[in-house]
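One structure is given here, and the rest of the page talks about it.
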Amino acid sequence: MAVRYGSPLKRAVTFYIPLTVMVGATLFPFYWMVITSVRPDVELYNVKMNPFFTLHPTLNHFYYLFELTMFPRWAWNTLFIAVVSTGISLFCGLLAGYALARLQFRWAPSLGTVIFITYLVPPTLLFIPLGDVVKAFGIGDTPWAVILTYPTFLIPFCTWLLMGYFKTIPREIEDCARIDGASRIQAMVRISFPLAVPGILSAGIFAFTLSWNEFLYALVFLSSPQQKTIPIGVFTELVRGDVFYWGPLMAGALLGSIPVALVYSFFVEHYVTALTGAVKG
Amino acid sequence: MADQSIEPILAKSATPGASAIPAPVVVVAVPKYRRPRRLGHLLEQEHILAGALLAPTLVILTLFIAYPFVLGIWLAVSDKVVGRPGNFVGLQNFWVNLNDTIFLRAFQNTFVYTFIATVLKLALGMGAALLLNHHFRFKRIVRAGMLLPWIVPTVLSTLAWQWMFDSTFSVFNWMLMNVGLISQRILWLGDGTTAMGCLILVNVWRGMPFFAITLLAGLQTVNPDLHEAAEIDGATAWQRFWRVTLPLIKPIMLVVVLFSMIATFADFQLIYVLTRGGPYSSTHVFGTYAYEIAMRAAKLGQGASISLFLFPFLLMVIVFQLWYIRRSD
């Protein structure tokens, strides 16, 4: 869709000003995280001071976070959980997505529908009974409680995305391989899977950020401080009763956001593909 | 099939008196299919391969979605509390809910929150998508930065908002007071109505990029020739948007709205972090109130009955969406 440019003034009013406001509003909370995390407490809790900048930046809040809380441990937990649950979900989603997109069997359409429905089931509906299930398996308060439950929303997503992706790969490529003597499995693993790598990457990045960010299951299933993930740890361990330690809180929020922001910035296009692909299916 | 059917037939033909059955024909035919018994050959058959490929997914989804769902329905009609087995109590939990003023407030809040936030996200997201559809310098960076609220952990960005809404040190109050618009601090999260406004604001801030980016993807599929043709025919920019762009991106718009509605309707983390349902339980939604009752008050049955209230609405959206997909196929 081509957009023509009017006079500079008109373009400023209809384009640059709204764009600046939009970008400013989007990014302001992040600026606030950064500035809070480096301002000393005497400035943070003084209403007379201009809160927008500081002349005495400090790393005390980060020091507090690393030395006096279990933040490094939470970071490791979050990473471990996100990587393993993404791996499980990609494995399952790749196989299931291939089966639903490529193989002819009686239950294909109805199974596709079932997986689409599970994709729309929110954690809020299931967390109470799921807590019982997790306990019954004896994995409550261990990383496995969330590693095995995150795939409930990651697998349907990966399956749905990869199913759409496999449908865009021409079936003829596989047929050629079959004629040249490849078995059904070889055609799948050697021909179709390598062609689906961009789709796998998109699904993987999206799944990784989803599990890095998850809150409800982690809040309910993980209770000891050394088992927590960053979102839970920062939220529950840096607030004592009614006292909020805003400096360390914002330092933790910043550090917890940076890894996903980095992963995302390297793979923006893949992320956007996953985002729009997940919607279109 | 063939593997299993051969044993009984052989057995039968060996039995005296069963000679009336024309077994020999089958016996001759079957071994041809029987010889390649290796796994690889079994997987040559598409329905067997499909079963093998889908098995891990189905096991996980059955164990952690289907089973908990059934268990949740059982909990909702039981009086289970933490540490004690529950008894069947029929619809008592639902009856208790409908007579609980906090629950009724949460019920109303859920719909208000979902409706207002979704409308705002759609309107602002559409505006943002139209802006991003222009050609300008740093477009890629701006587009990438736009998505940040959507990708960082909601809990962490919501904590930043909570600090910005702080009763004493709110930056908004500082700005408004220095500009001279207010003389007294506004307690942003101190009253049910303004707190709900803040929740909606943060939700819109977080969810708008999702609308913007998906709608932008929709806009990019609109053929520019159509716009040119409409312009030559004398259509104004406004008319072109309503008559050309909107009908073309309606399908993707509808799907985005439905996705977002489900997520907003079932929201938990944003509300739980920003207000914890307060002040005075005035900003609870289904998700946070279910958590409050099940996890803090330890009434699992009662809590499960509250989260089950999400189900009819979800079902409606899912049925509508499936119907829509079928129709457009």
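Bear in mind these aren't lab numbers, they're just calculated from the coordinates by the rules spelled out. Please read all numbers here as calculations on a predicted model, not as lab measurements. So basically every Cβ, Gly included, is an ideal-geometry build from the backbone, and we count neighbours across all protein chains shown.
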*Report the equivalent ellipsoid semi-axes for chain B in whole Å, largest first, defined as the square roots of five times the eigenvalues of the gyration tensor built from alpha carbon atoms.*
53, 35, 18
*Between the range A:126-192 and the range A:217-234, what's the alpha-carbon centroid distance in Å?*
26
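Just counting partner chain Cβ atoms within 10 Å, what average do the residues of peptide A:127-139 show around their Cβ?
That average works out to 6.
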*Roughly speaking, what is the centre-to-centre gap between the range B:66-91 and the range B:270-329 when only Cα atoms are used, to the nearest Å?*
17
*Go through the range A:241-250 residue by residue and turn each phi into a ³J(HN,Hα) via Karplus (6.51, -1.76, 1.60, θ = phi - 60°); whole Hz please, and just put x for glycine and proline.*
x, 9, 8, 9, 8, 5, x, x, 4, 6
_Treating only the Cβ of Lys, Arg, Asp and Glu as charged (+1, +1, -1, -1), what charge dipole size does the protein assembly as shown show about its Cα centre? Round to the nearest 20 debye._
760
*Assign one of three labels to the range A:1-126, namely rounded, prolate or oblate, based on the Cα gyration tensor with a ≥ b ≥ c the square roots of its eigenvalues; rounded applies when a/c is under 1.5, prolate when it is not and a/b is larger than b/c, and oblate otherwise.*
oblate
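For chain A, take the convex hull of the Cα atoms, compute a quarter of its surface area, and give me that in nm², please. Write down the numbers at each step before the final one.
On the way: hull surface 87.1 nm².
Hull-based average projected area comes out at 21.8 nm².
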*Report ³J(HN,Hα) in whole Hz for each residue of the range A:233-239, in order, from the Karplus equation J = 6.51 cos²θ - 1.76 cosθ + 1.60 where θ = phi - 60°; Gly and Pro get x.*
x, 4, 6, 9, 9, 9, 10
*Spatially close lysines, pair count over the protein assembly as shown: Cα under 25 Å, gap of eight or more or interchain*: 15
*Would you tell me the mean number of C-beta atoms belonging to other protein chains that fall within 10 Å of each C-beta in B:129-136, as a whole number?*
5
*With a ≥ b ≥ c taken as the square roots of the eigenvalues of the C-alpha gyration tensor of the range B:135-196, please select rounded if a/c is under 1.5 and otherwise prolate if a/b is larger than b/c or oblate if it is not?*
oblate
_Can you order the peptides A:242-254, A:146-158 by their average number of other Cβ atoms within 10 Å per residue, highest first?_
A:146-158, A:242-254
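What does the highest-first list of B:152-158, B:168-174 look like by mean Cβ count within 10 Å?
B:152-158, B:168-174
Just rank A:52, A:15, B:165, fewest to most, by other beta-carbon atoms within 10 angstrom. Please report the intermediate quantities before stating the final value.
Numbers: A:52 11, A:15 17, B:165 24.
So the residues, fewest neighbours to most, are A:52, A:15, B:165.
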*asked:* Need one word for the range A:140-281: rounded, prolate or oblate. Basis is the Cα gyration tensor (sqrt eigenvalues a ≥ b ≥ c); a/c below 1.5 gives rounded, then a/b vs b/c decides.
replied: prolate
*Given H placed 1.01 Å from N in the peptide plane, which residues other than close sequence neighbours of residue B:78 have an amide H under 5 Å from its amide H?*
B:89
*How long, wide and thick is the protein assembly as shown, going by the Cα atoms along their three principal axes, in whole angstroms, largest first?*
106, 73, 48
*HN-Hα J in Hz across the range A:31-38 - Karplus 6.51, -1.76, 1.60, θ = phi - 60°, x for Gly and Pro*: 4, 5, 4, 4, 5, 5, 6, 10
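Please compute, for peptide A:97-103, the average count of beta-carbon atoms on other protein chains lying within 10 Å of each residue's beta-carbon. Each step should come with its number before you reach the end.
Working: counts 3, 4, 10, 4, 0, 4, 9.
Across A:97-103, the average partner-chain Cβ count within 10 Å equals 5.
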*On a 0 to 90 degree scale, rounded to 10, what angle separates helix B:310-328 from the longest Cα axis of chain B?*
70
